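Engineer: First the structure, which I've put down as structure tokens, then a few questions once you've had a look.
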Amino acid sequence: MQIQRLDQPVQLTFSLAFHYADDASGIIIPMAVRFAGYAIETKATVDPGATVCLFKREHGEELGIPIERGELITLGTLGRPIQAYGHEIVLQTGDIAFESIVYFAKAHGLKRNLLGRQGWARKILLGINDDDCMLYLNSLT
């Protein structure tokens, strides 16, 4: 892996800006999650280091998702491994919405929802100015 210096600056364009709270919880943004005509509003932590999007089982149940019918995976974490089931749903941040594979925890009580690379970060252009607590987004789909 090599960091490369650019000959010319790269200009990026964003359609959404969000001011997030400056606290130890991370970058938390409002989200809508939709499945089969149902929708819930929740919050999720932006985690570009996470491989997948992981949501609370309770959210999947609220949407009527048959959790155990999804693809089972085991996620390695800094704590203990977490088992989760993948389902195709719609994620929406502001007016940016797209279909995505999201994993719902097998067990109840997950502390937070995570927005990872597969399912979220690879579908958007993401800019973070942490000094000003600003998140910038644009759709890539």
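Quick note: the coordinates plus some simple rules give every number you see, no bench work behind them. Predicted, not measured: the structure shown is a model, and the values here were computed from it. No Cβ is skipped: glycine too gets one built from the backbone with ideal geometry, and neighbour counts run over all protein chains shown.
Engineer: Peptides 79-86, 6-13: what's the order by average Cβ count within 10 Å, highest mean first?
Structural biologist: 79-86, 6-13
Engineer: Something else: Can you figure out the FRET efficiency of Asp23 with Met1, using R₀ = 41 Å and their beta-carbon distance, to the nearest 0.05?
Structural biologist: 0.85
Engineer: Additional query: Answer rounded, prolate or oblate for the stretch 64-141, using the Cα gyration tensor with square roots of eigenvalues a ≥ b ≥ c: rounded when a/c is under 1.5, else prolate when a/b is larger than b/c, else oblate.
Structural biologist: Working: a/c = 2.44, a/b = 1.49, b/c = 1.63.
Oblate shape, in that a/c is at least 1.5 and b/c is the bigger or equal ratio.
Engineer: On to the next question. Which whole-Hz couplings ³J(HN,Hα) result when phi for each residue of the stretch 67-74 is put into the Karplus expression 6.51 cos²θ - 1.76 cosθ + 1.60, θ = phi - 60°, listed in order with x for Gly and Pro?
Structural biologist: The phi angles translate into 3, 5, 7, x, 6, 7, 9, 10 Hz.
Engineer: Return the long-range amide H neighbours of Ala44 (sequence gap of 5 or more, or a different chain), with a cut-off of under 5 Å between placed amide H atoms.
Structural biologist: Ile29, Met31
Engineer: Let me ask something else. Match the structure shown to one of the listed values (1) 23, 17, 13; (2) 36, 19, 13; (3) 27, 17, 15 of semi-axes √(5λ) of the Cα gyration tensor in Å, computed from it, and give that label.
Structural biologist: From the options (1) 23, 17, 13; (2) 36, 19, 13; (3) 27, 17, 15, the structure gives (3).
Engineer: Check Arg112: other-chain or 5+ apart residues with amide H under 5 Å from its amide H, H built from backbone geometry?
Structural biologist: none
Engineer: Let me ask you something else. Near the amide H of Thr51, under 5 Å away, which other amide H atoms are found, from residues 5 or more places off or on another chain, if H is placed in the peptide plane?
Structural biologist: Correct list: Arg117.
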